[in-house]
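The values are calculated or read from the model by the stated rules, or taken from the named source; none is laboratory data. Everything numeric here is computed off the predicted structure, so don't read it as measured data. Using ideal geometry, Cβ is built from the backbone for each residue, glycine included, and neighbour counts are taken over all protein chains shown.
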C-alpha cells in the first residue's frame, strides 16, 4: 500500500525550471539514437573501460584501488594505514540510491538515516559520531550543513563516495572524531559518453536524467561533462514533496600531461519536506503516512549552487602543485508546523488532540574554500618518499532569521488541514554569523624497501568565529581558537597481498560559548588508536579490510544541572569493523560489512555516566550481491539483492528509551540489450515497519518500501 500512490497536496504542478529540464532531458534522450543513426561512422557504440587505478574514478566494478581522500595524494588504498571505504559508481548504478546517505547503507562503520526520512540534510553516524552534518566534503572541500542550510548532494552527479574512518583533522581541519564523507563529482572523460534515463516509482515519483561528456577537440585538450536530473515526487508522508532540478556542467583543459584545470559547477533547486516525529503509546497507532503539519504551510524550499576549480601542474618528476577552490551559496525557506505534545500531558492515551509548534527559517548560507598544496616526490635509496605541504582557508557564513510560536491544535481522529496558518512572530534567532578557519599542514608518506609504509603529519589551525546578534539580546561575540593535531601510521606490504597496519590520529572541533566563569570554551579533542589488516587477494579481484579501533573524545560541552554548561563531557567508542568487496569473473559482484561498536559516556551528568550514547547501535551487518549473466539465452539479464541489519539502540543518553533492531531487504532486476536497459529497484522489499529513533513520547518511522522502474539508454 505505501509503495503505491500517496496523498498529494492539491494543485501541485510542474514549475518552469522543472518542465524546462525535463523537456531537455527527454529530447536529448530520444534524439541521440536518431542522431547516432545519421552519423553511424562517428558515433558507433563505444565500450568505456573503467580506470580502477584512478583516485577519483570512473571505476569498472565494486573495487576501487586508489584514493585521494585518505592522504590528499594519489595513493593505493592498501598503502593508507587507516580504514577507508569507497562506494563506486557501478555499485550506485546497481543499487540506485536516492540520497547521499543511501549510498552508504552498506558501508562498515556507518549508520544511515538515524532520524528517518528528513529531507533537510544528509544524515549518518560514522563510528557512532555526528549525524553527517559536519563531516560531508565534496571533492576534498567542505560542504557541511550551515544552520538549516543542508547543501544536499545529488547521487546521480557523483563518480564515487569515500569514507575515511576516524579523525581527519590533520588534512581537513576542524572535524568530528568519527570520520568524514567525501563525495567525488563526475568530471569530463577522455572517451565520449551518452547516458540518459526515465523512471517512475512509488508516490508518483517521476525522474529524468541526462549524463553526456567527452572530448571537445580532436587533440583532447578540451573535454566536458554535463549531468542533469529533474524529479517530481513525494515520500511516504502525506502531503509531502520530493522535487528537484539539478544541473552540473564541468569543463577540463589539459594542454599537456603535466597540467590540468577542471571547472566544476552545479545548480540545485529543491522543494522537499522536513521529517516529523509521531506520538507513541496511543490506543490508535498512527500510520507512518500521517501528516502532523499544514499542506499550505510546511515546506523546505532551497536553491543552491556552486562553482569552483581543481588545478594541478607537475613541474618535474619531483614537484607538483595543486589548488582546489569552490564557492557555494544556498537560500533556504523552511517552514514547519510540528507535533509538540499531547494537551493532556505525556502518556495520556485518552486524549487525541495534538499540540503543535510553528517554526520558520529564512536564511542565506555561503561557503568558500581554497586548498593550496605542494607535493614533493623523491627516492632516497630504498625509500620512496612523498611529502605534502598545504595551506587552506575555509569560510562559512549564515545570515537569517528564525521565528517560532504556538500553532493550532490537531485532532488526530478528524484532522483538519484547511485551518489557515499565520506565520509566527516570535524571534528565536536573528543574526549574521561567520566562521573562518586557516590551516597549515604537512604529511609525509614513505615506502621503505617496497614493503614498509610509514605516514606521519601535523596541522596548526586557527579559527575565528563571530556572531552579530540583531535580536537585541546578548548573543554577539567574537571567539578565537587554535589547535594543533597530528597523526602517524605504519604498515607492512606482504607479497601475499596482506597488509597489517597500526595508526594514531587526532581531531578537534570548536565549541561556541562561555562557562559560568566567563571563560570561552576550548575546542573538543579527539584521538583514535586503530590496528587492522588489509588483504588484496591474488586469485580473485577483491579487497578486504578488518580493523579494531579505540576513539576518545574529551572537552565535550554538557549541562551539569542549572542553566550553565560545563566542558567536562567525555565519550569512548571502541569497536570492530570488517568490510569486503569483490568482482568475480563469473559476473558476481558483492560488498559485505559488519560493525561492532562498544560506545560509552565516560564523563557527564551522574545519571548518564556509563550509559550508551543515543542513536548508536551495538551491531550492524549488511550484504549486497549482484549477478550478471554473461552468455547464453539470458545474456543481458542481471539481478541483485541485499540485506541490512541495524541493531537496537537508545533514543536518549539516559538509556530509558529502547529503539528495537530491524532488518531490511533490498532487490534489483535489470535487462540490457543494444545500449538499452530496463531496471526495477526496490528498497525495503517486504515493507518492514520500524522506528529509526525515539525521543520522549515520540518516534520517527523509517522509510517503507520504495519501488523504482527505469529505462536507460547508454552508448
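Laid out as a table, the results:
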read-out: Residue 255 being surrounded by fewer than 23 Cβ atoms within 10 Å (Cβ to Cβ) and either in contact with a helix residue (DSSP H, G or I) (Cβ under 7 Å, 6 or more places away or on another chain) or part of a strand (DSSP E or B) (or both); value: yes
read-out: Exclusive hit being assigned to a strand (DSSP E or B), farther than 22 Å from residue 667 by Cα, modelled with pLDDT of 95 or more and in contact with a strand residue (DSSP E or B) (Cβ under 8 Å, 6 or more places away or on another chain), set 621, 570, 599, 592; value: 599
read-out: Criterion violated by residue 220 - all others in (1) at pLDDT 95 or above; (2) over 24 Å from the mean Cα position of the chain (by Cα); (3) farther than 30 Å from residue 286 by Cβ satisfied; value: (1)
read-out: The one condition in (1) in a strand (DSSP E or B); (2) at pLDDT 95 or above; (3) surrounded by fewer than 16 Cβ atoms within 10 Å (Cβ to Cβ) that residue 494 fails to fulfil; value: (1)
read-out: Candidate set: segment 141-182, residues that are without any contact (Cβ under 8 Å) to a residue 60 or more places away in the chain and out of contact with any helix residue (DSSP H, G or I) (no Cβ under 9 Å at 6 or more places or on another chain); chosen: the one surrounded by the most Cβ atoms within 10 Å (Cβ to Cβ); value: 172
read-out: Test: residue in segment 242-249 that is at pLDDT 95 or above and out of contact with any strand residue (DSSP E or B) (no Cβ under 7 Å at 6 or more places or on another chain); value: no
read-out: The lone exception for residue 131 - which of (1) in contact with a helix residue (DSSP H, G or I) (Cβ under 9 Å, 6 or more places away or on another chain); (2) surrounded by fewer than 24 Cβ atoms within 10 Å (Cβ to Cβ) it fails; value: (1)
read-out: Lone qualifier among 22, 36 - being surrounded by fewer than 18 Cβ atoms within 10 Å (Cβ to Cβ), at pLDDT below 95 and more than 30 Å from residue 572 (Cα to Cα); value: 36
read-out: Single match in 185, 235, 189 (criterion: out of contact with any strand residue (DSSP E or B) (no Cβ under 7 Å at 6 or more places or on another chain) and either touching a residue at least 40 places away in the same chain (Cβ under 8 Å) or on the phi > 0 side of the Ramachandran plot (or both)); value: 235
read-out: Lone qualifier among 341, 283, 296, 270 - being modelled with pLDDT of 95 or more and out of contact with any helix residue (DSSP H, G or I) (no Cβ under 9 Å at 6 or more places or on another chain); value: 270
read-out: Residue identified as under 30 Å from residue 74 (Cβ atoms) and surrounded by fewer than 19 Cβ atoms within 10 Å (Cβ to Cβ) among 413, 428, 325; value: 325
read-out: Residue 423 surrounded by 13 or more Cβ atoms within 10 Å (Cβ to Cβ), at pLDDT below 95 and closer than 30 Å to residue 290 by Cβ; value: no
read-out: Some residue of segment 307-326 being in a loop (DSSP other than H, G, I, E, B) and under 21 Å from residue 274 (Cα atoms); value: no
read-out: Some residue of segment 286-300 being in contact with a strand residue (DSSP E or B) (Cβ under 6 Å, 6 or more places away or on another chain), free of Cβ contacts under 8 Å to residues at least 60 places away in the same chain and part of a strand (DSSP E or B); value: yes
read-out: Residue ID - modelled with the lowest pLDDT, chosen from residues in segment 48-70 that are over 18 Å from residue 213 (Cα atoms) and within 19 Å of the chain's Cα centre (by Cα); value: 55
read-out: Residues that are in contact (Cβ under 8 Å) with a residue 60 or more places away in the chain and not in a loop (DSSP other than H, G, I, E, B), drawn from segment 530-551; value: 530, 532, 534, 542, 543, 545, 547, 549, 551
read-out: Qualifying positions in segment 153-162 - touching a strand residue (DSSP E or B) at 6+ places or on another chain (Cβ under 6 Å) and more than 13 Å from residue 72 (Cα to Cα); value: 153, 154, 156, 157, 158, 159, 160, 161
read-out: Filter result (crowded, with 19+ Cβ neighbours inside 10 Å and free of Cβ contacts under 8 Å to residues at least 40 places away in the same chain) within segment 434-465; value: none
